[in-house]
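Taking it in order: structure first as structure tokens, then the write-up.
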Ligand code: SAH
């Protein structure tokens with residue numbers, strides 16, 4: 001391997017970014033706000049997760065960071081609920097779409113191209129609420145993102161993580177069902193091996209010095225095409241709520 005390749009790999013490793021993952025989202029970015037596009041599932045689950053966050057951590061007047069914000073679906077929803085929102089992502093195209101969309105919607109969000117790890121270095125403890133939704137399954141080292149999120153939160157702050165469980169049912173629903181049968185998502189959107197068991201995520205949360213407060217499932221009924229929060233069924237999509245000790 002040449003010196004340059006080594007450096008490129010090391011830099012990517014140091015930044016905890018998978019360029020292939022970023023490229024996938026860059027390619028789709030123009031359709032981010034099209035509810036009938038590949039991003040439909042994110043639009044469909046958005047009110048559920050935004051309300052869940054706002055109910056547990058009323059966000060009005062609070063500083064919130066959305067890690068891996070993409071085109072800004074959650075970031076705008078939280079800003080609409082009164083939060084002062086910073087949205088970070090490593091994809092240039094999703095951020096460009098997010099910036100254009102806020103001009104149309106009039107909802108203000110501060111979008112920046114950054115990893116969680118580098119924002120944690122420049123703004124440790126700056127945020128009352130840290131959200132990292134549907135992102136951990138796209139990074140090489142998700143535990144490092146969780147640790148960076150813990151650094152971003154102020155003592156007493158709240159953190160929200162969501163991802164996809166790793167078991168045969170999650171494979172059937174999130175990959176075979178969503179990507180191949182129902183074609184909700186493009187084939188290749190998710191890689192089974194990167195899915196995360198709730199116990200693994202809970203371990204990283206503990207290792208980051210956070211307190212796990214709540215686990216909730218997010219279930220999809222393919223017949224009614226409805227999602228709902230389910231307090232116990234974490235078999236496919238799920239969300240964890242944590243707190244940084246005072
Ligand atoms: N959180 C948003 C978007 C989820 S899609 C939502 O739930 O609506 C995953 C996003 O994570 C993509 O926009 C992708 O560009 C971003 N991403 C992937 N790896 C990243 C990294 N290491 N740092 C920051 N963003 C990343």
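The values are calculated or read from the model by the stated rules, or taken from the named source; none is laboratory data. Source: prediction; values computed, not measured. Ideal geometry is used to build each Cβ from the backbone, glycine not excepted, and the neighbour counts take in all protein chains shown.
Take residue 92 and tell me if it is more than 12 Å from the ligand (Cβ to nearest atom) and over 15 Å from the mean Cα position of the chain (by Cα).
no
Is there a residue in the range 46-53 that is within 21 Å of residue 113 (Cα to Cα), within 10 Å of the ligand (Cβ to nearest atom), crowded, with 17+ Cβ neighbours inside 10 Å and at pLDDT 95 or above?
No; the residues of the range 46-53 include none that is within 21 Å of residue 113 (Cα to Cα), within 10 Å of the ligand (Cβ to nearest atom), crowded, with 17+ Cβ neighbours inside 10 Å and at pLDDT 95 or above.
Does residue 110 satisfy the criteria of being under 24 Å from residue 151 (Cα atoms), within 9 Å of the ligand (Cβ to nearest atom), in a strand (DSSP E or B) and under 17 Å from the mean Cα position of the chain (by Cα)?
no
Being in a strand (DSSP E or B), touching a residue at least 24 places away in the same chain (Cβ under 8 Å) and either closer than 23 Å to residue 243 by Cβ or within 12 Å of the ligand (Cβ to nearest atom) (or both) narrows it down to one of 129, 97, 145, so name that one.
Result of the check over 129, 97, 145: 129.
Looking at the range 172-186, can you tell me whether even one residue there is within 29 Å of residue 57 (Cα to Cα) and touching a residue at least 40 places away in the same chain (Cβ under 8 Å)?
The answer is yes, given that some residue of the range 172-186 is within 29 Å of residue 57 (Cα to Cα) and touching a residue at least 40 places away in the same chain (Cβ under 8 Å).
Residue-wise test of (1) touching a helix residue (DSSP H, G or I) at 6+ places or on another chain (Cβ under 6 Å); (2) in a helix (DSSP H, G or I).
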site	(1), (2)
151	yes, yes
155	no, no
158	no, no
180	no, yes
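Of all residues in the range 91-112, which are touching a helix residue (DSSP H, G or I) at 6+ places or on another chain (Cβ under 6 Å) and under 14 Å from residue 70 (Cα atoms)?
91, 93, 94, 97, 109, 111
All but one of (1) in contact with a strand residue (DSSP E or B) (Cβ under 7 Å, 6 or more places away or on another chain); (2) assigned to a helix (DSSP H, G or I) hold for residue 117; which doesn't?
(1)
Go through the range 60-74 and give me each residue that's farther than 17 Å from residue 240 by Cα and either crowded, with 17+ Cβ neighbours inside 10 Å or in contact with a strand residue (DSSP E or B) (Cβ under 8 Å, 6 or more places away or on another chain) (or both).
Answer for the range 60-74, where residues must be farther than 17 Å from residue 240 by Cα and either crowded, with 17+ Cβ neighbours inside 10 Å or in contact with a strand residue (DSSP E or B) (Cβ under 8 Å, 6 or more places away or on another chain) (or both): 61, 62, 63, 69, 70, 71, 72, 73.
In the range 54-73, how many are touching a helix residue (DSSP H, G or I) at 6+ places or on another chain (Cβ under 6 Å) and either within 14 Å of the ligand (Cβ to nearest atom) or within 20 Å of residue 139 (Cα to Cα) (or both)? Lay out the reasoning, then the answer.
At the first step, the residues of the range 54-73 found to be touching a helix residue (DSSP H, G or I) at 6+ places or on another chain (Cβ under 6 Å) are 59, 64-67, 69-73.
If we keep only those that are either within 14 Å of the ligand (Cβ to nearest atom) or within 20 Å of residue 139 (Cα to Cα) (or both) too, we end up with 64-67, 69-73.
The number of residues fulfilling the criteria is 9.
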